[in-house]
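What follows is a short report on a single structure.
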């Protein structure tokens, strides 16, 4: 996650600001926007972070690792608290 852009809260364009081949970046998008763009996508409704597995907090954000070709290598959802913790940890390192 050390490759997160300075404005990780805004998604990147598919051909704009992509990392060099072999490098990935982390992006986040509000879950409502993803559902509007792809209404047929089946996203989990609850936070997938380990700290929330028993609490069943509602997911608010879709996170993804994007490779140099603009494809999502890994996608997960998180609640607002876990998203905030991920962002804080990213900027702290």
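General remarks:
- In terms of packing, defined here as the mean over residues of other Cβ atoms within 10 angstrom, the peptides 26-36, 40-50 line up highest first as 26-36, 40-50.
- Cα gyration tensor category, rounded, prolate or oblate, for segment 25-92 with a/c compared to 1.5: oblate
Every number here is computed from the coordinates shown, using simple stated rules; none is lab data. Since we're looking at a predicted model, the values are computed, not measured. Neighbour counts are summed over all protein chains in view; Cβ atoms, including those assigned to glycine, are modelled from backbone coordinates with ideal geometry.
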